[in-house]
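S.K.: Sharing a structure here in structure tokens format.
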Amino acid sequence: MAALVLVAALEGGLTTANRTAQILALLVLSALTVFLRYVTERRERALSRARSVAATTQRVLLRPPPRRIGPLRVAWLYLSAEDATEIGGDPFAVGRAGHAATRVVIGDVRGHGLAAIGKASLVLSAFREGTHRCASLLELVTALDDSVSRNMDDVADTSVIEARSPARAFYPLAERVASFPATGPDDLLDRIHHDLLAHIGGPPADDAAILIIEHTPSHQLLRPRTH
């Protein structure tokens, strides 16, 4: 604006119709630019807060498993279908029972995102309680089934892998994993992640949970003796 006024003053035509129109147009354009930037920054702040709340909710309700539990090394990945919130409802957990046994659960709740997280929380709460209360795996499964059946209105069986390519071909998990080199859980997780996204040709349309567990030989857990 200052440059336009200076040029107009030097040329002696500050009050001409053309200069007035240019100044008014620049004022309107500047006002619109400031307004749009304000709206954009406000939306970005709101989205950042939503993601922060979603991440906290995800950690509190789903509580991802530790990287190591007993003799097991654990790697996990969660891909949410709702980019704005980064939250979903496919539950997975690893728990250590009182008699030195490890229990693992992973599931696919009907639906995705915020609509499914309530059901996922119910399943995980029952699993964590049953892990310490149930002595055998059969007892744990029975307790989970009873809790889910009593507290959910629409319990239904669904099938382990749903990710499809643009040609509607299911992701061949067993074949792909068998073709990868024998490495640690984190490397395998990274390979599956990239291979899955390449197969479906973009971000997932549904929540996706990947959980990899490796049994560590007992000699790797022993610490060196000190003298």
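The values are calculated or read from the model by the stated rules, or taken from the named source; none is laboratory data. Owing to the predicted nature of the structure, the values given are computational and were not obtained by experimental measurement. We place every Cβ from the backbone using ideal geometry, glycine too, and count neighbours over all the protein chains shown.
S.K.: What residue, of VAL123, VAL141, is at pLDDT 90 or above, under 24 Å from PRO65 (Cα atoms) and of a type in the set (A, V, I, L, M, F, W, C)?
M.R.: Result: VAL141 is the single residue among VAL123, VAL141 that is at pLDDT 90 or above, under 24 Å from PRO65 (Cα atoms) and of a type in the set (A, V, I, L, M, F, W, C).
S.K.: Let me spell it out: the conditions are (1) on the phi > 0 side of the Ramachandran plot; (2) touching a Gly at 6+ places or on another chain (Cβ under 8 Å), and GLY70 meets all of them except one. Which number is the exception?
M.R.: Tallying (1) on the phi > 0 side of the Ramachandran plot; (2) touching a Gly at 6+ places or on another chain (Cβ under 8 Å), GLY70 fails exactly one: (2).
S.K.: Moving on to the next point. Any residue in the range 131-148 that is assigned by TED's automatic domain parsing to the domain that holds ARG96 and within 18 Å of ALA100 (Cα to Cα) sitting within a Cβ distance under 8 Å of a residue that is outside any helix (DSSP H, G or I) and of a type in the set (D, E, K, R)? List the pairs, counting only those 6 or more apart or interchain.
M.R.: THR131/ARG96; THR131/ARG103; LEU137/ARG103; LEU140/ARG103
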